[in-house]
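Reading through the C-alpha cells given below for one structure.
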Amino acid sequence: MSILAASLRGAKRFFVPAAVAMAVLSATSVFAVDAPQANVGRETLVGTSSPGLAKFMGIRYAQAPIGDLRWKPPAPAPAASGTVDATKPGSGCPQGKSPWGVPSSNEDCLFLNVTVPADGSGMQFWQRKPVMVFFYGGGFTGGSGDLYNADDLARENDVVVVTVNYRLGALGFFAHPALDAEDHAVANYGLLDQQQSLRWVRDNIASFGGNPDNVTIFGESAGAIAIYAHIVSPMAAGLFQKAIIESGAPADQTLQTAEDQGKTLAQKVGCPVDAGAEAAACLRKVPVDALVSAQATPIATIIDGKLLIGPIADALGAGHYNRVPVINGTNHDEGNLIAGFMFDLSGSPLVAKDYEKALQGIGSFIPRVGFADAAIPAISKTYALSKYKAPGLAAAQVITDGVIACPAFEINKVMAKYSPTFEYEMADTDARSIVAPPISFSYRAGHFSELQYLFDLTSITLKGTPDMTDAQKALGRQMRAYWANFARAGNPDGTGLPVWPRFDDGKAGPVQSLNKPTSRSINNFATEHQCAFWRTVERK
C-alpha cells in the first residue's frame with residue numbers, strides 16, 4: 001500500500017469549504033442537529049452528546065508519523081478549514097494483542113479524545129474548567145486513549161478530560177545510531193508525542209471550555225513512568241501545572257543501552273547497524289508488522305540528552321524538575337497481577353524450585369528499580385516461601401514492595417521537600433479482576449485495578465466479570481472527586497470527602513488508604529511494605 005493510501009486509510013478528518021460543508025450538513029443531516037461543535041482554528045469539530053456531556057473523538061494533534069516521518073518528532077497537524085467528523089476514535093498505534101489494547105498496524109494514529117461536561121451554556125473560553133490529560137499504560141507496547149471512558153470523571157466533577165494516543169514499542173521507544181545521528185530529538189518518540197498533545201491542549205482546549213493554564217497530566221504504569229519523565233523534562237516546562245502518578249517508577253536507561261537493543265532489532269529485520277543514511281532508509285521501509293514482531297521494548301524511558309538529560313531519580317533528588325504539585329500512589333497488591341501474567345498465565349504457576357530464578361527475572365523487570373543478582377539471597381530470606389501460601393504470592397510481594405511501592409514512597413520523600421506531594425494506596429482487596437482470568441491466587445488490589453474506579457473500562461473488561469458492588473461504586477465516586485479536586489486546586493481534599501493529608505517528608509507520610517467503606521490516612525505504609533529493607537538493596 002502506498003504512503004498516500006495508508007494515510008487515507010487511517011485519516012480521521014476531511015476538509016471542505018465552509019459553505020459547502022453547511023450545505024452538505026443541511027441536505028443530508030450527516031450529523032445530528034444538536035451535535036456539539038467546537039471551533040479549533042478554522043476547523044469546526046462535530047462531536048457527539050449524551051446527558052451532561054459532549055465528546056469529541058479522533059482529533060488529529062499531529063501529522064501521521066509515516067514514511068520519512070517515522071522515527072521523527074511529531075509534526076503539528078497542518079492548518080486547514082472546514083468541518084471535521086469527531087464522532088469516532090482514531091486508530092490505535094501499532095501494537096500486538098494484549099489485555100490493554102486492540103491489535104493495529106496503522107501508523108497514522110496520533111489522535112486524542114476530549115470529554116467535556118456540558119452545563120447547558122455551551123463551551124466557552126471563559127469557562128476555564130480544569131483539564132486532565134491521561135496517558136495510558138501497557139508496557140509502552142499496548143493501549144489507546146479511547147478505551148478509557150472518562151464520562152463519569154468529567155460529568156460528576158466538571159472537568160475536561162483528554163485521552164491521548166502515542167507511539168508504542170519499536171515505533172515509539174527506539175534508538176539506532178543511524179536515527180540518532182539525524183538532527184532531531186531521538187529515541188523517546190512516544191514521549192515526544194505526549195508533549196505535542198500537551199501543546200495542542202495549550203493552544204486549543206479553551207475552545208472546549210477548558211483552562212490551558214490549569215492542566216493536570218496523569219498516567220498509570222508505563223503512562224506513570226512517562227509522567228515521571230515529563231516532570232523532569234526541560235522540554236515539558238510550562239505544559240502542565242499538576243501531575244498524578246499511578247503505579248509507576250522513575251525508570252530510564254542510557255541511550256547506548258537503547259542503541260544496542262536497536263541494533264539487535266535492526267539485524268532481525270535485515271537492516272544495517274551502522275550510523276549511515278542507508279540504515280535509516282532501510283529501517284523506514286520495514287513493514288510495521290515486522291517491527292512489532294521483532295520489538296523487545298523495555299519498560300523504561302531513554303536518556304536522550306534533550307527530553308531526558310539524565311536519570312530521572314537524580315533530577316528529582318537534586319530538585320531539578322518542574323516543581324508542580326504531585327499525587328504519587330500505588331495499589332496494595334501491585335505484584336499479584338504482574339506475577340499472574342509472568343507465571344500462571346504464561347504456562348503454569350511458579351513452583352518453589354524456580355523461586356530464585358524468578359527473582360532474577362523480577363530484578364531485571366524495570367531499569368533503575370530492579371535489583372542485582374547479589375541481592376537475591378537477602379530477598380529470598382526476607383520473602384521466604386514459608387511465609388506465603390504459594391510461591392507466586394512470594395514473588396508478587398517482592399514486585400509489590402521492591403519494584404513499585406517502596407520506590408514510589410522514597411521518591412515522595414524527595415519530592416515533598418520541593419513541592420506539594422500527596423500519596424495514596426488503593427487498598428480495596430476485593431477489586432474486580434477485569435483484564436485477567438482466575439489464577440492460583442487472588443489478584444486483590446493488583447496492578448491496574450485502580451483504573452476501573454476512575455474510568456469506565458467496559459471495552460476491555462472480560463466477559464462474565466461481575467458488576468461493582470454499591471460500596472465499590474461509592475469508592476469510585478470518591479476517587480474521581482479526589483482526582484478532580486487535585487486537578488482544580490492542587491489538593492485532593494474537598495467537601496464531603498475523608499481528609500487526605502499532605503505527605504510530609506519529615507514524617508515520611510501519611511499515606512491515604514483508598515478503600516471501602518471509607519478512606520483514611522495511614523502511617524504504617526513503609527513498615528507493611530518493608531521499605532527499610534529495600535533501602536539496603538543494591539539497585540540496577
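Quick note: the coordinates plus some simple rules give every number you see, no bench work behind them. Predicted model, so just to flag it, every value in this text is computed and none were measured. We place every Cβ from the backbone using ideal geometry, glycine too, and count neighbours over all the protein chains shown.
Structure values in brief
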item: Whole-angstrom Cα spans of the chain along principal axes, big to small; result: 75, 62, 47
item: Residues with amide H under 5 Å from that of residue 53, placed H, sequence gap 5 or more; result: 118
item: Of all DSSP beta bridges in the chain, antiparallel share, percent nearest 5; result: 45 percent
item: Charge sum, other residues only, whose C-beta stays under 12 Å from residue 418's C-beta, Lys/Arg counted +1 and Asp/Glu -1; result: +2
item: Given 88/129; 97/381; 97/129; 381/540; 242/263, the pairs whose alpha carbons are separated by over 31 Å; result: 97/381; 97/129; 242/263
item: For the range 326-534, diffusion coefficient by Stokes-Einstein and Kirkwood Rh (Cα), 37 °C, 0.692 mPa s, µm²/s; result: 183 µm²/s
item: Nearest-20 debye value, the range 326-534 charge dipole, Cβ charges on Lys, Arg, Asp, Glu; result: 120 debye
item: Relative packing of peptides 356-362, 132-138, 104-110 - highest average C-beta neighbours within 10 Å first; result: 132-138, 104-110, 356-362
item: Long-range HN-HN contacts of residue 129 with modeled amide H, under 5 Å; result: 210, 211
item: Whole-Hz ³J(HN,Hα) from phi, Karplus 6.51 cos²θ - 1.76 cosθ + 1.60, for the range 57-74, glycine and proline x; result: 10, x, 7, 6, 9, 7, 5, 4, x, 10, x, 5, 8, 5, 6, 10, x, x
item: For the range 409-419, Karplus couplings with θ = phi - 60° (6.51, -1.76, 1.60), whole Hz, Gly/Pro x; result: 4, 5, 5, 5, 4, 6, 5, 5, 6, 10, 8
item: Loop trypsin sites (Lys or Arg not before Pro), the range 428-505 (other Cβ atoms within 10 Å of the site Cβ: 16 or fewer; DSSP); result: 463, 502
item: Rough spin-label spacing in nm, given labels placed 7 Å along Cα→Cβ, for residue 80 and residue 354; result: 5.1 nm
item: Residue-averaged [θ]222 nm for the chain, counting only DSSP H segments that reach four residues, each worth -39500 (n - 2.57); result: -9000 deg cm²/dmol
item: Calculated FRET efficiency for the pair residue 50/residue 318, C-beta based, R₀ 56 Å, to 0.05; result: 0.75
